[in-house]
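Quick notes on the structure that follows.
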Amino acid sequence: MSKSILNREWHAANRMPAKATLEQRLAWHAGHAANCACREMPASIRAELERRGMMPDTLASPGAPRRPSRG
Ligand SMILES: [Zn+2]
């Protein structure tokens, strides 16, 4: 069982629009971080996702900070 850090299937199904709005970028990166670890999430996107509570609980990216598990 081999697992690449680049999730080709996810990328094929989730193309970032050429002129993505902030909403689209946030949604894309939230989905991306949960499914693929080919690149790090920009700090500004991460901050906005956290501010909105949109950050996925489970991240595929090894470099992403994890929330401490509670209780
Ligand atoms: Zn990716």
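The values are calculated or read from the model by the stated rules, or taken from the named source; none is laboratory data. Note that the structure is a prediction, hence the values are computed from the model and not measured. Positions of Cβ are backbone-derived with ideal geometry, glycine not excepted, and every protein chain shown enters the neighbour counts.
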Which ones in the stretch 16-41 are loosely packed, with under 12 Cβ neighbours inside 10 Å and at pLDDT 95 or above?
K19, T21, L22, E23
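Residue-by-condition table, conditions (1) within 14 Å of the ligand (Cβ to nearest atom); (2) within 13 Å of the chain's Cα centre (by Cα):
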site: N7; (1), (2): yes, yes
site: M16; (1), (2): yes, yes
site: E23; (1), (2): no, no
site: L26; (1), (2): no, yes
site: S44; (1), (2): no, yes
site: E50; (1), (2): no, yes
Complete set of residues in the stretch 5-15 that are in contact with a helix residue (DSSP H, G or I) (Cβ under 7 Å, 6 or more places away or on another chain) and either assigned to a helix (DSSP H, G or I) or exposed (fewer than 10 other Cβ atoms within 10 Å of the Cβ) (or both)
W10
